[in-house]
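Since the structure comes first, as structure tokens, the remarks are kept for the end.
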Amino acid sequence: MTNPELRRQVINVYKELLFMGREYPLGYEYFRNRLHRAFSSQSNIQDEEEIKKRITRAEFVKKEIETL
């Protein structure tokens, strides 16, 4: 990832999701492992537009978790 701003956004959304996982019904460890796998599997993406789409999707997931 060459754009430092996108990198910062990805890290921030990861941290926010990780923080929200503390109250996940199936437990923090379950949530943390799944979150790590989800982000790690997407680490090879280099296209900035695709990264922006994934950040938007992560924001949507945050809203879904908030409703739990």
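Derivation of every value follows stated rules applied to the coordinates shown; laboratory data play no part. The model shown is predicted, which means the values in this text are computed figures rather than measured ones. For neighbour counting, all protein chains shown are included, and Cβ atoms are generated from backbone atoms with ideal geometry for every residue, glycine included.
Miscellaneous remarks
- Residue, surrounded by the fewest Cβ atoms within 10 Å (Cβ to Cβ), within the stretch 1-21, restricted to residues that are of a type in the set (A, V, I, L, M, F, W, C) and under 15 Å from Glu50 (Cα atoms): Met1
- Selected residue (criterion: surrounded by the most Cβ atoms within 10 Å (Cβ to Cβ)) from residues of the stretch 54-68 that are of a type in the set (D, E, K, R) and closer than 16 Å to Lys15 by Cβ: Arg54
- Subset of the stretch 22-53 that is surrounded by 15 or more Cβ atoms within 10 Å (Cβ to Cβ) and touching a residue at least 40 places away in the same chain (Cβ under 8 Å) - its residue that is farthest from Asn3 (Cα to Cα): Tyr24
- Residues in the stretch 55-68 that are touching a residue at least 24 places away in the same chain (Cβ under 8 Å) and either among the small types (Gly, Ala, Ser) or over 16 Å from Leu18 (Cα atoms) (or both): Ala58 alone.
- With respect to (1) part of a helix (DSSP H, G or I); (2) touching a residue at least 40 places away in the same chain (Cβ under 8 Å), the lone exception for Arg8 is condition (2).
- Residue in the stretch 47-59 that is in a loop (DSSP other than H, G, I, E, B) and β-branched (Val, Ile, Thr) present: no
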